[in-house]
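Participant: Let me give you the structure first, and then I'll get to my questions.
The values are calculated or read from the model by the stated rules, or taken from the named source; none is laboratory data. Keep in mind it's a predicted model, so treat the numbers as computed, not measured. We place every Cβ from the backbone using ideal geometry, glycine too, and count neighbours over all the protein chains shown.
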Amino acid sequence: MTLTADHKVWTENRGDVPACELAREDVVRLIARLGPRGLDEGIAFGVGLAAGGGCITTSGSPTLVVSMGDDETEVLADVARAINGAKQETLSDRRSRRPTAVTRRNRVPARA
């Protein structure tokens, strides 16, 4: 995953700062809470992957697509395990508890 230059990063000393403008004296704050309860680390990582390099398809049922390299398959499997664990703990509707799975799609050739 790559942090783009224009992505804003929260710093304790200057607030939101584009990543390309971070300075040695900045204190970066990683916030691990969303709402009144913290997120599981795997789910938080999945949210970051989705926001940084994902999209949602709208053909058929909505599907989150995240492009990853072949060597990063286990990262997505960890995120799927975290999501499935959270579903079992919090959802009572059996349809909503259906497992989240990682599937491999056709590879897209690298850009030159």
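Participant: Could you check residue 31 against (1) surrounded by fewer than 14 Cβ atoms within 10 Å (Cβ to Cβ); (2) of a type outside the set (Lys, Arg); (3) at pLDDT 85 or above; (4) touching a Phe, Trp or Tyr at 6+ places or on another chain (Cβ under 9 Å) and say which number it fails?
Facilitator: It fails just one condition, (3).
Participant: Select from the range 51-98 the residues that are under 18 Å from the mean Cα position of the chain (by Cα) and assigned to a loop (DSSP other than H, G, I, E, B) and list them in ascending order.
Facilitator: 62, 67, 68, 69
Participant: Using the structure shown, decide if residue 24 is modelled with pLDDT of 80 or more, out of contact with any helix residue (DSSP H, G or I) (no Cβ under 8 Å at 6 or more places or on another chain) and of a type in the set (Lys, Arg).
Facilitator: yes
Participant: For a quick check of your reading of the model, give me the residue pairs whose first member lies in the range 38-49 and is over 11 Å from residue 78 (Cα atoms), whose second is part of a helix (DSSP H, G or I), with beta-carbon atoms closer than 8 Å and at least 6 apart or on different chains.
Facilitator: Listed by first residue and then by second, the contacts come to 39/47; 40/82; 40/85; 40/86; 49/75; 49/76; 49/79.
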